[in-house]
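What follows is a set of notes on a single structure, which appears directly below.
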Amino acid sequence: MNTLNTAPLAPLLDRLFAEADAATSPAFAALSHEERDRLMHSKTDYLHLYGLMKDLWLPVSRETGLLLYMLVRSTGARNIVEFGTSFGISTLHLAAALRDNGGGRIITSEFEPSKVARSHEHLAEGGLSDLVEIREGDALKTLSTDLPDAIDLLLLDGAKPLYPDILDLMENRLKPNAFVVADNADFCPAYLARVRAAQSGYMSIPFADGIELSMRVG
Ligand SMILES: C[S@@+](CC[C@H](N)C(=O)[O-])C[C@H]1O[C@@H](n2cnc3c(N)ncnc32)[C@H](O)[C@@H]1O
C-alpha cells in the first residue's frame, strides 16, 4: 500500500490517463509530418508548437510514471525540478513518491495557463498540492531563479530542443548521484551527445519508452 496505488490517487490517475488518451487537437493533426518534425527540433518555434498542442496532454507513459515513483522512493529524494507539467500526470507520480518519502518539494514549470489551472485541480484532488509549486511561464525564465541548493531529481519533459539550456540552469545544483530523466530525448541530439560524452559528469543510458536516464557523477 502506498500513495500511488491507493485512493484518491490510483482512481484519479486511471481517469486522467483515459482523458489523455481521448484528447485531440485538429490544429496539430493538420500539420504534415515534415512540419511536425521541424517544429519538434526547433529552438525558436516551441511556443507555436505547444500552442497548437495545448489541448493534448502528452503525458509520460504509465511505465515511466512508475519509474519516476520508484526513483524518487529509492533515492529518498526531497527536492525535485520538473520541466513541462502539462496536466500534471508526471507531477502526481513524483509528488506521491515525495509523500511516501515523508515530504519534500517539487518545482514544476508550464507556460500554458489552462494546463496550469487543470494541474492545480488534479493535485488538489490527489491530496498532493502542498508538495508542488507550479511556475507559470517559460521555464527558461521561471527555472532560472529561486531553486533549491541541492536537487535530487530533474525531469526534462518540455520543449525538447531546450533540454541543454534547462540543464545549464541547474547543473551546479544537482546533487552527486542525482538522476536526470529526459523524456523523448531523441528529439535533442545535442542533449544526448552532452550527457553521453566521456568526462561529461554523467553516466547515461537510453532506457525504455524513449527515456534517457542519466546520473550526475561530476
Ligand atoms: C510532454 S508535455 C509534459 C507532460 C507531463 N510531464 C506529464 O507527464 O503529464 C510538455 C509540456 O511542456 C510545456 N512546455 C514546453 N516548453 C515549455 C517551456 N519552455 N516552458 C514551460 N513549459 C513548456 C508544454 O506546454 C507541454 O504542456
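The values are calculated or read from the model by the stated rules, or taken from the named source; none is laboratory data. Just so we're clear, the structure is a prediction, and the values are computed from it rather than from any experiment. Backbone-built Cβ (ideal geometry, glycine too); neighbour counts: all protein chains shown. What goes into the accessible areas is simple: the full protein's heavy atoms, side chains included, and nothing from ligands, DNA or RNA. Shrake-Rupley method; radii C 1.70, N 1.55, O 1.52, S 1.80 Å.
Please identify the pairs in which a residue from the range 3-23 that is within 14 Å of the ligand (Cβ to nearest atom) has its Cβ atom under 7 Å from the Cβ atom of a residue that is open to solvent by 70 Å² or more (accessible area, probe 1.4 Å), counting only partners at least 6 apart or on another chain.
From the range 3-23, the pairs are 12/125; 17/62; 23/55.
Being closer than 17 Å to residue 13 by Cα, within 11 Å of the chain's Cα centre (by Cα), buried (at least 21 other Cβ atoms within 10 Å of the Cβ) and within 14 Å of the ligand (Cβ to nearest atom) narrows it down to one residue among 92, 58; which is it? Talk me through it step by step, then tell me what you get.
Values: 58 fails: buried (at least 21 other Cβ atoms within 10 Å of the Cβ).
Among 92, 58, only 92 is closer than 17 Å to residue 13 by Cα, within 11 Å of the chain's Cα centre (by Cα), buried (at least 21 other Cβ atoms within 10 Å of the Cβ) and within 14 Å of the ligand (Cβ to nearest atom).
Against the condition aliphatic (A, V, I, L, M), at pLDDT below 95 and surrounded by fewer than 15 Cβ atoms within 10 Å (Cβ to Cβ), how does residue 208 come out, does it pass?
Spelling it out, residue 208 is indeed aliphatic (A, V, I, L, M), at pLDDT below 95 and surrounded by fewer than 15 Cβ atoms within 10 Å (Cβ to Cβ).
(1) open to solvent by 30 Å² or more (accessible area, probe 1.4 Å); (2) free of Cβ contacts under 8 Å to residues at least 60 places away in the same chain: which one isn't true of residue 179, the others all being true?
Residue 179 satisfies every listed condition except (2).
Would you pick out the residues in the range 115-144 that are near the ligand (Cβ under 10 Å from one of its atoms), among the small types (Gly, Ala, Ser) and touching a residue at least 40 places away in the same chain (Cβ under 8 Å)?
139
Considering only the range 145-154, I want to know if a residue exists there that is touching a Gly at 6+ places or on another chain (Cβ under 6 Å), within 16 Å of the ligand (Cβ to nearest atom) and under 24 Å from residue 43 (Cβ atoms). Working first, answer last.
Taking the range 145-154 as the starting set, the residues that turn out to be touching a Gly at 6+ places or on another chain (Cβ under 6 Å) are none.
Taking every residue of the range 145-154 in turn, none turns out to be touching a Gly at 6+ places or on another chain (Cβ under 6 Å), within 16 Å of the ligand (Cβ to nearest atom) and under 24 Å from residue 43 (Cβ atoms).
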